[in-house]
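Take a look at the structure below.
Please treat every number below as a calculation from the coordinates, not as lab data. Just so you know, these numbers come straight off a predicted model, no measurement behind them. Virtual Cβ from ideal backbone geometry, glycine too; neighbours counted across all protein chains shown.
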Amino acid sequence: MADQHIHYQSVRQMSDALHANEISAAELADAHFKRIADLDGRVGSYLAVTPDLGHEQAASAQSAIDSGNAGPLTGVPMQLKDNMATRGVTTTCASLMLEHFVPPYDATVTSALANAGAVLLGKGNMDEFAMGSSTETSAYKPTRNPWDLDRVPGGSSGGPAASVAGGLAPYSLGSDTGGSIRQPASFCGIVGLKPTYGLVSRYGLIAFASSLDQIGPLTRTVEDAALVMNAIAGPDVNDSTSISRPAIDYTIGLKDGVKGLRIGVVPEYFGEGIDPEVARLTREAIKQLEELGAEVSEVSLPNSKAALAVYYVLSPSECSANLARYDGVKYGFSTPDAPNMMAALEATRDGGFGIEVKRRIMMGTYALSSGYYDAYYKKAQQVRTLIRREFDAAFEKVDVLITPTTPTTAFKLGEIQDPVVMHANDVCTVPANIAGIPGISIPCGTIDGLPVGLQLLGAHLSEATLLRAAYAYEQATPWHTQHPAN
């Protein structure tokens, strides 16, 4: 494994090299820590780097490899988005409110990857409390897209996506509330999977909107996403919303192809607001899948056009409730010089939260307030039910739905100042969160050197089918082999 190629190898390739003794776990970790030191000053994808813990885990992983007790993730470095609790490691949610917060426990996914032999490189930058589509709302620094450092990597999992795209981590875990895995995966030209709601435990994930949040992998290949899912998917007694079902191997059937697979094309996702070039590349990808043997038909989802409006009632409402705990009393940032408790609470929340978080708290508080609850929150929940039923009906006709992942390619840092325009970046991804269904974004081309993502959506617990379809397309095209020039 030559040094100049190591950073863009897949998880599977790194694992094979470790098991063949072509490289040690310590050498692999050191190569990544050096790359982070050399490049991340320009990219800004990490909020914390963990060399001490990483070296400790690498030594343990090497022992497992040497004794023949290693799995595919053993010794392979990785990153976690900074809203996943990591015992002994600062976990800030990219907010001043949690600037010095060190969790006394691990999130379930943190433990699962550690048990699988993973080596933690550090914590990924993000939009504050996962509220944003560009990673510009981080209280500490913006993250830049490795394909063009003047552009955003997407959000809110922009740090994880930029790290994987730029060779700063082989894979990362992100969270997806309205597209925060898939949208940055599209902007950065990598694979991003949002699993079915409840398939991956949310215990230890700092909550944004609890009925929408879901943890999933950001990887360079579809196979890598399947390998990571094998480690993190499964029931958890600590998460009451976790789905109780036996573990499955997501790599089985990955190479079965798409012959006979029924694919639905959603016309509502190709209209107003979608860049014509993005639409063209998406249709070319659909044609490629048809040539591989898939059966393509049109499936209309008229109610899903309301998903963005539903999302921006429900998610702020849940955020308003979840973020009420940051009051300057229990933990986190607290204003020291206030004359009384109420003044301290107001000053703490004013100083600890950024503009976008405050905006969403205020929106949510308004939607939940007396006299407006029925008109906004209750109505949004009713429309959510209609959207879910519409998807259920669609999946009786087809196995997979295909749309663009994002309306455009990555935009420039500072280019979008209007929050309504920024929120519209989620128009293609939000419906899956509203319905609780899985979705995956894979690269399907470039426009002026910037990646474009193809989104595949499936019925509840259809991750294996999505991964199979995504793998077939990936292997028939060159896009997964391309990476930034850095």
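Points to keep in mind about this one:
- Cα centroid separation, region 115-172 to region 1-65 (Å): 17
- Too-long pairs where the Cα-Cα distance tops 32 Å, listed order kept, from K141/K255; K330/K379; K305/K358; K194/K358; K81/K305; K141/K194: K141/K255; K330/K379
- Förster radius 35 Å - calculated FRET efficiency between A321 and N486, Cβ distance, rounded to 0.05: 0.25
- Cα-centred dipole magnitude for region 290-419, charges only on beta-carbon of K, R (+1) and D, E (-1), debye, nearest 20: 600
- Sorted on the mean count of surrounding Cβ atoms within 10 Å across their residues, most packed first, peptides 463-469, 296-302, 212-218, 163-169 read 163-169, 212-218, 463-469, 296-302.
- Computed from label points 7 Å out along Cα-Cβ, the spacing between D392 and D275 is 3.7 nm.
- Tensor-based shape of region 96-174 (alpha-carbon gyration tensor, a/c under 1.5 rounded, otherwise prolate or oblate): oblate
- Convex hull projection area averaged over all views, the chain, Cα basis, nm²: 21.7
- Dividing the summed -39500 (n - 2.57) terms of all DSSP H runs of n ≥ 4 by the residue count of the chain sets its mean residue ellipticity at 222 nm at -11500 deg cm²/dmol.
- Fraction of antiparallel bridges per DSSP, region 1-149 only, in percent to nearest 5: 45
- For region 163-276: rounded, prolate or oblate by the Cα gyration tensor [a/c cutoff 1.5]: rounded
- Radius 13 Å from Cβ of A472, net charge of other residues (Lys, Arg +1; Asp, Glu -1): -3
- Restricting attention to the chain, close to 65% of DSSP beta bridges with both partner residues there are antiparallel.
- Structural size metrics of region 389-466, computed from C-alpha coordinates, are Rg and Dmax of 14.3, 43 Å.
- Cα-Cα P(r), region 1-104, percent of pairs per 10 Å interval: 14, 41, 33, 12, 1
- Reducing region 248-286 and region 311-372 to their Cα centroids gives an inter-centroid distance of 40 Å.
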